[in-house]
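A short worksheet on the structure shown next.
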Amino acid sequence: NTVTAAEPKIVKNKVVAKFKGESWFEVKDNKTVYVSGTFKEGFEYELPNVPNLVISVGRYFNVDMFINDKLTQIAGPKKQTNINLDEFLNH
């Protein structure tokens, strides 16, 4: 009998931005802009799980970022633009 190891399944992280106030927000990679604009309180956006994804946030304190439903600090007062998400997305 030959036993073959099953390929490990890579679980991709789910990243969601939830707005608690107005903020400019942009999500892009090196080919596509997925979303860009000013969004209001209550707006939610699930980010695509693609390599080289970059976010920029205007009022970072108005946008909560959740990775697999866990609140995670991604943007802050010194880091608001061109934040690469590869480390958060398991790439």
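Applying a threshold of 8 Å to beta carbon distances and a minimum spacing of six or more residues, or different chains, the list of pairs starting in the range 41-57 at a residue that is exposed (fewer than 13 other Cβ atoms within 10 Å of the Cβ) and ending at one that is of a type in the set (D, E) and modelled with pLDDT of 95 or more reads E41/E22; P51/D29. Taking the criterion of being closer than 17 Å to K14 by Cα and aliphatic (A, V, I, L, M), the residues of the range 42-67 that qualify are L47, V50, L53, V54, I55, V63, M65, I67.
If the condition is being closer than 16 Å to S23 by Cα and in contact with a Pro (Cβ under 8 Å, 6 or more places away or on another chain), then the range 52-91 contributes only Y60.
No other residue among L71, L85 is open to solvent by 40 Å² or more (accessible area, probe 1.4 Å), under 27 Å from V11 (Cβ atoms) and hydrophobic (A, V, I, L, M, F, W, C) apart from L71. Per the conditions (1) loosely packed, with under 12 Cβ neighbours inside 10 Å; (2) on the phi < 0 side of the Ramachandran plot, the sole criterion not satisfied by G37 is (2).
Residue pairs whose Cβ atoms lie under 9 Å apart, sitting 6 or more positions apart in sequence or on different chains, and linking a residue in the range 12-24 that is farther than 20 Å from N82 by Cα to a partner that is basic (K, R), are G21/K40; G21/R59.
Do we have K20 as open to solvent by 80 Å² or more (accessible area, probe 1.4 Å) and either in contact with a helix residue (DSSP H, G or I) (Cβ under 6 Å, 6 or more places away or on another chain) or of a type in the set (K, R) (or both) here? So K20 passes the test.
The values are calculated or read from the model by the stated rules, or taken from the named source; none is laboratory data. Note that the structure is a prediction, hence the values are computed from the model and not measured. Using ideal geometry, Cβ is built from the backbone for each residue, glycine included, and neighbour counts are taken over all protein chains shown. Please note that ligands, DNA and RNA were not included when accessible areas were found on the heavy atoms of the full protein model with its side chains. Shrake-Rupley method; radii C 1.70, N 1.55, O 1.52, S 1.80 Å.
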